[in-house]
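Visitor: Please see the structure below; I have some questions.
The values are calculated or read from the model by the stated rules, or taken from the named source; none is laboratory data. Every value quoted in this text rests on a predicted model; they were computed, and no experiment measured them. Cβ placement follows ideal geometry from the backbone for every residue including glycine, while neighbour counts extend to all protein chains displayed. For accessibility, only protein heavy atoms count, side chains too; no ligands or nucleic acids. Shrake-Rupley method; radii C 1.70, N 1.55, O 1.52, S 1.80 Å.
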Amino acid sequence: MLELRGISYRYAGYRKPVLQDVDLALSDGEIVGLVGANESGKSTICLVASGLAPASIRGTLGGGLWIDGAAMAGRPMHELAERVVIGFQNPATQRSGVATTVFEEVALGPMNLGLPVTETLARTRHALATLHIEELAERHPGRLSGGQGQLVAIASLLAMGPRHVILDEPTAQLDPEGTRLVGEALRALAATGAALLVAEHKTDLLDGLCSRVAVIDDGRIVLDGPAATVLADERLEAWGVDAPSRVRLSRALVGTGIDLAALT
């Protein structure tokens with residue numbers, strides 16, 4: 001389990017904290033969505049949950065990050081990387097730039113952890129197979145579609161063997177097909193027992209993917225509950241979040257006077 005307990009966070013040079021009194025927990029095998037308006041604090045939560053803030057980013061942290069019952073304060077980054085990993089919206093920024101094949105790119109993570117060659121190879125093959133991208137193994141990492149590139153980035157995270165995965169808008173630059181592929185990959189990743197936190201604007205993706213969704217507004221978690229309940233909450237628009245298509249269509253039909261029960 002990954003837990004954020006009483007988190008507040010202020011970036012260096014800021015007068016006001018970006019996060020305030022944030023409590024959020026991820027259980028093993030659970031996919032939790034995180035939604036909110038731009039500048040609401042989603043990316044900062046991702047940075048804190050991954051340990052990058054404040055370890056690699058200057059700032060002041062209140063509260064703490066706990067993983068599997070252990071406090072992560074003061075832990076070195078290489079130790080954190082074995083427990084939790086983070087992926088961002090642009091897969092190109094996560095490429096090493098030195099690998100000439102996708103297989104090499106995915107293998108770099110476990111290699112950097114100092115794992116034996118046999119385990120590195122086994123993890124790389126397992127990651128590619130889990131995401132069903134074995135056919136990309138010999139492709140150059142720079143010659144992939146956006147969706148393929150994001151799948152490779154996720155495979156690189158998976159190969160490091162984390163129990164917790166943080167993703168900050170992983171489908172922001174993808175078309176519907178790329179978004180679908182990434183959604184399938186995230187389900188496969190959760191099936192391995194990993195806990196996922198997915199910050200996203202695309203509520204249609206979260207609607208079919210997450211068991212829970214949390215809403216952040218002005219640095220505070222204002223709602224946290226079952227995905228179907230949260231994504232149908234009428235307050236979402238006021239918090240800068242679009243309801244998923246399913247909810248908007250249902251509301252439109254109700255507005256016309258159509259009996260939804262008669263359609264089911």
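Visitor: Pairs of alpha-carbon atoms within less than 8 angstrom and 6+ residues apart define the contacts here; what relative contact order does the chain have, in percent?
Guide: The value is 26 percent.
Visitor: Could you calculate the contour length gain from ARG75 to GLU134, that is, 0.36 nm times the residue separation minus the distance between their Cα atoms, to one decimal place in nm?
Guide: 17.8 nm
Visitor: In addition: Within segment 197-235, name every residue whose backbone N is under 16 Å away from a label modeled 7 Å from Cα of LEU249 along the Cβ vector.
Guide: So the set is 203-209, 232.
Visitor: Once Rh for segment 57-114 is found with the Kirkwood sum over Cα pairs, what is the Stokes-Einstein diffusion coefficient at 37 °C and 0.692 mPa s, in µm²/s?
Guide: 236 µm²/s
Visitor: Let me ask something else. Along the three principal axes, how long is segment 164-242 when you take its alpha carbons, biggest first, rounded to the nearest angstrom?
Guide: Cα spread of segment 164-242 along its principal axes, largest to smallest: 32, 27, 22 Å.
Visitor: Identify which of HIS78, HIS140, HIS201 has the largest mean-square fluctuation in a Gaussian network model of the chain, with springs joining Cα atoms closer than 10 Å.
Guide: Checking each option, the largest mean-square fluctuation is seen for HIS78.
Visitor: Pop out the carbon and sulfur fraction of the accessible area of segment 177-248 as a percent, whole number, probe 1.4 Å.
Guide: About 50 percent, which is the carbon plus sulfur part of the accessible surface.
Visitor: How high is the relative contact order of segment 128-183, given as a whole-number percent (alpha carbon pairs under 8 Å, six or more residues apart)?
Guide: 40 percent
Visitor: Using only C-alpha atoms and all pairs of different ones, pull out the Kirkwood radius for segment 6-52 in Å with one decimal.
Guide: Averaging 1/r across every pair of different Cα atoms and inverting gives 11.8 Å.
Visitor: Still on this model: Taking Cα centroids, how far is segment 143-162 from segment 1-36 in Å?
Guide: Result: 25 Å between the Cα centres.
Visitor: Using the C-alpha atoms of segment 84-145, what convex hull volume per residue, in cubic angstrom, is computed?
Guide: Each residue corresponds to 100 Å³ of Cα convex hull volume.
Visitor: Counting each pair of different Cα atoms once, what's the Kirkwood radius of the chain in Å, rounded to one decimal?
Guide: 19.2 Å
Visitor: Find out how many positive minus negative residues lie around GLY147, taking Lys and Arg as positive, Asp and Glu as negative, among other residues whose Cβ is under 11 Å from that of GLY147.
Guide: -2
Visitor: Relative contact order, percent, of segment 98-236 when contacts are C-alpha pairs under 8 Å separated by at least 6 residues?
Guide: 20 percent.
Visitor: Further, regarding this structure: Say each of GLU119 and ARG180 gets a label point 7 Å from the Cα, pointing the same way as Cα to Cβ; how far apart are those two points in nm?
Guide: My value for the distance between the label points is 3.9 nm.
Visitor: Show me the three semi-axes of the equivalent ellipsoid for segment 1-95, from the C-alpha gyration tensor (sqrt of 5 times each eigenvalue), largest first, rounded to whole Å.
Guide: For segment 1-95, the semi-axes come out at 19, 17, 15 Å.
Visitor: Per residue, how large is the accessible surface of segment 123-264? Use a 1.4 angstrom probe and give square angstrom.
Guide: Per residue, segment 123-264 has an accessible area of 46 Å².
Visitor: Just to be sure I follow the definition: excluding the sites themselves, where is the longest run in the chain that has none of the trypsin sites (Lys or Arg not before Pro) in a DSSP loop with at most 14 other Cβ atoms within 10 Å?
Guide: The answer is 144-234.
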